[in-house]
Amino acid sequence: MNILSVDQIYKADKITIKNQNIDSVQLMERAGEQVFDWIEDILMGAPIHIHVFCGIGNNGGDGLVVGRLLIESDYNVTVYVVNFSDKRSKDFLHNYDRIKTDTKVWPTLIKSEKDFPEIGSGDIVLDSIFGIGLNRSPEGWVKKLIEHLNKSGALIISIDIPSGLFANKALEDKDAVIKATHTLTFQIPKLAFFLPETGPFASMVKTLDIGLDQKFIEEAEPLAQLISQEEAQSFYIPRKKFGYKGTYGHALIVAGSYGKIGAAVLASTAAFRIGAGMVTAFVPKCGYNILQTTLPEAMVITDKEEEFITEITSDFEPTAIGIGMGMGKNQATVQALKKLFKNSKSQFVIDADALNNISENKDLMKLLPKKSILTPHPGELKRLIGSWNDDYEKLEKVKKFSKKHDVVVIVKGAYTATVYEDKIYINTSGNPGMGTAGSGDTLSGILTGLLCQGYDILSASLFGVFMHGFAGNKAADKMGYEALIAGDIIENLSEAYVELFMDPENDNWEDDDLFDDDWDDDDWDDDEWEDDFLK
Ligand SMILES: NC(=O)C1=CN([C@@H]2O[C@H](COP(=O)(O)OP(=O)(O)OC[C@H]3O[C@@H](n4cnc5c(N)ncnc54)[C@H](O)[C@@H]3O)[C@@H](O)[C@H]2O)[C@@H](O)CC1
Ligand SMILES: Nc1ncnc2c1ncn2[C@@H]1O[C@H](COP(=O)(O)OP(=O)(O)O)[C@@H](O)[C@H]1O
Ligand SMILES: [K+]
């Protein structure tokens, strides 16, 4: 799914209106109806007080449509116009007139702080103050209104985007942004929803199909692409009937030091479970017994040194090498890396201390093998590319690094971003339970195992990151977030493969947390609403 810029979204709007021979008021009505239907599905007539806050642009216009439909369905609604300017948009004015004529209810004007209504913590706020037309951070009493709504404790449903958030630009004032409980976005997800600084304002995003021109959306050059189950399916390479272990490659996992041999175990096991034909672990001597006992399927080569790696040798040419996990930063290890990068013809997945060593040694950076996959978490990334002011600058710096060194960079976290040259791909699987030691080692093993099976560096990255998160989701389904440990991700790779081609709806990025099961509950009642959502 393509993530488009604000300019492209306006363009999609125009093209839709032209191609479908409708006017912008009809498109607004469609958008408003979609939001109304979503609310209606959940509330089913519950008499909860809904406060609709409308700005004076088209986002406000959407709010007026929803307000009108709610009033007509006898909900307990108050509609407000947040009157920060007299420059009301044409379609806002159309719907302003319509709500008055159709419902005989006049919206309440808010012109200053003294007009702020009281909001109960059990109420619902519909936020349609600003949409993608926001051009600067809200200030003065409008900012105060946003703070007032955030403090209310009410459930806040933002229309299209939380007001005060820019769709594809950095945050200016974090206090002037609505903290939405739900964001109902029109068809095209906004980049801000997936970045660590701005994503938390949106939470629980749902895309509503308002029938925008599909051809335009698909053919536009996206800001980024979302990788969900459907995309992951397209990367999958089926096993061959006459395949044998040699067909699926030989992975070399170079990892571990005294006290961190577990990293080698996790990565090697993950490489096997994702489907590598053979896996050899290269570890310091102290790792030998551990590896041979915990993972009898793996072969083991040991360094001559007891506690860390000093010289990496093997009597075969690995298909892919996963390197760095728990490896430490001993000078001898740095020398070993230099030698390996100079001499090896294998493909590399470079992680953890291998990345840290590269960041600290310019010589090593120069030897960085082209077409490698790098998997930094935010701390490792900072050491690699230097610091950044905001997420957008970070992504630009990563693109530059990727192009300069001809490598794929996987920026790990919630919504892991994979960057290759100028392109950004955002992963949608995974959950907070995966913030646990060894989770990254597991990913490195998965990526190495995929390279072994013939996936190219980009598809190995996108498929591997997805499968890692997908397996993490399978694990979390059974054990919850807190109890999940890295080994559980590996154990659930089998289920991830088995379910890869099952109903994609089941693992949509939009269906976050425990929420959707409850939403669909047929015997909904007010008490349940209170218990589940308004605490
Ligand atoms: N493109 C689409 O797919 C559709 C968009 N629609 C809605 O239209 C919205 C965009 O509407 P608009 O372009 O009118 O923009 P907005 O409704 O976001 O409003 C922007 C208005 O506020 C002003 N403004 C911006 N930042 C301000 C600030 N900090 N303080 C005070 N005033 C400020 C602008 O000058 C403009 O007048 C979308 O977010 C969406 O909700 C829907 O009506 C239908 C379809
Ligand atoms: N909140 C989250 N949502 C989704 N994935 C997450 C989340 N937190 C962590 N992860 C994933 O878990 C992994 C953690 O990697 P890393 O920090 O390198 O762990 P370690 O070094 O302990 O192995 C990454 O793949 C990351 O994307
Ligand atoms: K909004």
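The values are calculated or read from the model by the stated rules, or taken from the named source; none is laboratory data. Here the structure is a predicted model, which means the values were calculated and not measured. Don't worry about glycine lacking a Cβ; one is built from the backbone with ideal geometry, like all the others, and counts go over all protein chains shown. For accessibility, only protein heavy atoms count, side chains too; no ligands or nucleic acids. Shrake-Rupley method; radii C 1.70, N 1.55, O 1.52, S 1.80 Å.
Side notes on the structure shown:
- Label-point separation, MET365 to GLU221 (7 Å along Cα→Cβ), nm: 2.8
- Förster-model FRET efficiency, 22 Å R0, ASP175 and ASP86, C-beta, rounded to 0.05: 0.25
- Highest-first packing order for the peptide set 388-399, 173-184 is 173-184, 388-399, based on the mean count of other beta carbon atoms within 10 Å.
- Pairwise Cα distances in region 2-222 exceed 31 Å for 14 percent of all pairs.
- The chain, helix-only ellipticity at 222 nm - DSSP H runs n ≥ 4, -39,500 (n - 2.57), divided by all residues, nearest 500: -12500 deg cm²/dmol
- Mean accessible surface per residue for the chain, computed with a 1.4 Å probe while every protein chain stays in place, in Å²: 43
- Residue-span extension gain [ASP209 to LYS245] - 0.36 nm each, minus C-alpha spacing: 8.4 nm
- Carbon-plus-sulfur accessible fraction, region 2-222 (probe radius 1.4 Å, protein heavy atoms only): 49%.
- Figure legend: label point modelled 7 angstrom from the Cα of PHE501 along Cα→Cβ; no residues of region 456-490 have amide N under 11 Å from it.
- Within region 6-60, GluC sites (Glu not before Pro) in DSSP loop having at most 15 other beta-carbon neighbours inside 10 Å: none
- Annotation: the antiparallel percentage among DSSP beta bridges lying fully within the chain is about 15.
- Nearest-0.05 FRET efficiency for LYS400 and ASP456, computed from C-beta distance (R0 22 Å): 0.50
- Pairs beyond 32 Å (Cα-Cα), from LYS329/LYS474; LYS338/LYS412; LYS190/LYS240; LYS370/LYS478: LYS329/LYS474; LYS190/LYS240; LYS370/LYS478
- Within region 73-164, GluC sites (Glu not before Pro) in DSSP loop having at most 14 other beta-carbon neighbours inside 10 Å: GLU118, GLU139
- Sequence of HIS405, HIS49 from largest to smallest accessible area, 1.4 Å probe: HIS49, HIS405
- ASP477 paired with TYR236, simple spin-label distance in nm, labels 7 Å along Cα-to-beta-carbon: 1.4
- Filtered GluC sites (Glu not before Pro), region 289-329: DSSP coil and at most 14 other beta carbons within 10 Å: GLU297, GLU306, GLU311
- The charge dipole of region 57-180, taken about the Cα centre with unit charges on the Cβ atoms of Lys, Arg (+1) and Asp, Glu (-1), comes to about 260 debye, rounded to the nearest 20.
- Cubic angstrom per residue, convex hull over Cα atoms of the chain: 154
- Modelled label reach - PHE316, point 7 Å along Cα→Cβ, region 239-269 residues with backbone N closer than 16 Å: 244-254, 268-269
- Other residues within the sphere of radius under 11 Å centred on the Cβ of ASN492, judged by their own Cβ, net out at -2 (K and R +1, D and E -1).
- Added length on full extension, which subtracts the Cα-Cα distance from 0.36 nm per residue, TRP106 to GLN20: 27.7 nm
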